[in-house]
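The values are calculated or read from the model by the stated rules, or taken from the named source; none is laboratory data. Because the structure is a prediction, the values reported are computed rather than measured. Positions of Cβ are backbone-derived with ideal geometry, glycine not excepted, and every protein chain shown enters the neighbour counts.
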């Protein structure tokens, strides 16, 4: 507090004390109002000084241009790139699942071929017991085909299952898109406050996230439950 | 388990719905329907005679936990078993789901084996209490 302010405050307080001593209610009220107003005025003056300082700093550093580029171009660009990543991974996952479905029909064909071989073996053993060794060969081929078919079916299931990544990574990317959007809005607000040229936020629509859920676990972030932890927790709750 | 039972798969990611459907097909199930969030699932459940629900948690519109609460709050379908398949892996979420009356909880990413185990357990319990 500077000397002028101190002297002013001291004089006001003295006037107020005198008014109290002589029971002058009107003067006490007026004195109180004047005190509060002087406090508010000094607060406003302080905020105004800070705002001017911030504005000047933004102008001096040519930050407004940089921020305008970030908020106006680069951040919306980053968001659309993230949107694109989501679309591309989704398309790729569906393409993989389509191919898995097609390949599954091949395993059905293999199983049918195996059962035909088995029938052929039966017919042969009855009609031509003299070529039993051919029957043995057919049975061996059938067993090999059956094993390959089972392996192929299992691998295709695992391949389909591996596409889960698209859901998990998609959920994480959605969260990053929301964060980027919030930064963009905050920057535009700052620019507006500092008298920058940008007036309107870009209007690219984004899907809003619902609720305040923590979302998929990311390695190195908050500790989260594994399936085993979840099972134990549910068991402790009587499940 | 009756492999003809009607199963509703609720997830906003079409890839995940397809994967769950594939896994259930591998387990022998033949009667599956999909919905992309709770709001879509709710009218289907009201009119569809579903025997089992597999739902995600975090979805736009109606979330999985709200769908679960709505199911438990509607006398006609309150007993339908609900399996939550979700990336939400925090303790609080699991407890919240348990309190809302979930029958099983699977954390993504998961394996076919886990899905089979949880379904076996749910139907074994249902048979015991029947």
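Odds and ends about this structure:
- The single condition from (1) buried (at least 21 other Cβ atoms within 10 Å of the Cβ); (2) more than 14 Å from the chain's Cα centre (by Cα); (3) more than 9 Å from chain A (Cβ to nearest Cβ) that residue B:3 fails is (1).
- Within the stretch B:45-66, the set of residues being in contact with a strand residue (DSSP E or B) (Cβ under 6 Å, 6 or more places away or on another chain) and in a helix (DSSP H, G or I) comprises just one member, B:64.
- Conditions (1) exposed (fewer than 12 other Cβ atoms within 10 Å of the Cβ); (2) within 14 Å of chain B (Cβ to nearest Cβ): number failed by residue A:48: (2)
- Unmet criterion (only one of (1) surrounded by 15 or more Cβ atoms within 10 Å (Cβ to Cβ); (2) at pLDDT 85 or above) for residue A:63: (2)
- Selection from the stretch B:67-77 of residues that are surrounded by fewer than 19 Cβ atoms within 10 Å (Cβ to Cβ), touching a helix residue (DSSP H, G or I) at 6+ places or on another chain (Cβ under 9 Å) and not in a loop (DSSP other than H, G, I, E, B): B:69, B:70, B:72
- For the stretch A:148-171, filtering for residues that are within 15 Å of residue B:112 (Cβ to Cβ) and surrounded by fewer than 17 Cβ atoms within 10 Å (Cβ to Cβ) leaves 6.
- Qualifying position, being touching a helix residue (DSSP H, G or I) at 6+ places or on another chain (Cβ under 7 Å) and surrounded by fewer than 17 Cβ atoms within 10 Å (Cβ to Cβ), among A:125, A:115: A:125
- When A:162, A:217, A:194 are checked against the criterion of being over 18 Å from the mean Cα position of the chain (by Cα) and either within 14 Å of chain B (Cβ to nearest Cβ) or at pLDDT 75 or above (or both), a single residue qualifies: A:162.
- Checked against (1) under 16 Å from residue B:88 (Cα atoms); (2) modelled with pLDDT of 95 or more, residue B:58 passes all but condition (2).
- Among the residues making up the stretch B:38-61, those that are farther than 21 Å from residue B:24 by Cα, within 13 Å of another protein chain (Cβ to nearest Cβ) and under 14 Å from the mean Cα position of the chain (by Cα) are B:58, B:59.
- Which listed residue is away from chain B (no Cβ under 12 Å), under 30 Å from residue A:151 (Cβ atoms), assigned to a helix (DSSP H, G or I) and at pLDDT 90 or above, from A:110, A:97, A:82: A:110
- With respect to the conditions (1) exposed (fewer than 12 other Cβ atoms within 10 Å of the Cβ); (2) at pLDDT 80 or above, residue A:32 lacks only one, and its number is (1).
- The set of residues from the stretch B:11-32 being more than 13 Å from chain A (Cβ to nearest Cβ) and buried (at least 16 other Cβ atoms within 10 Å of the Cβ) comprises B:29, B:32.
- Enumeration of residues in the stretch B:94-126 that are surrounded by fewer than 20 Cβ atoms within 10 Å (Cβ to Cβ), touching a residue at least 40 places away in the same chain (Cβ under 8 Å) and within 12 Å of chain A (Cβ to nearest Cβ): B:112, B:116, B:122
- The lone exception for residue B:91 - which of (1) surrounded by 15 or more Cβ atoms within 10 Å (Cβ to Cβ); (2) within 12 Å of chain A (Cβ to nearest Cβ); (3) touching a helix residue (DSSP H, G or I) at 6+ places or on another chain (Cβ under 7 Å); (4) closer than 24 Å to residue A:173 by Cα it fails: (1)
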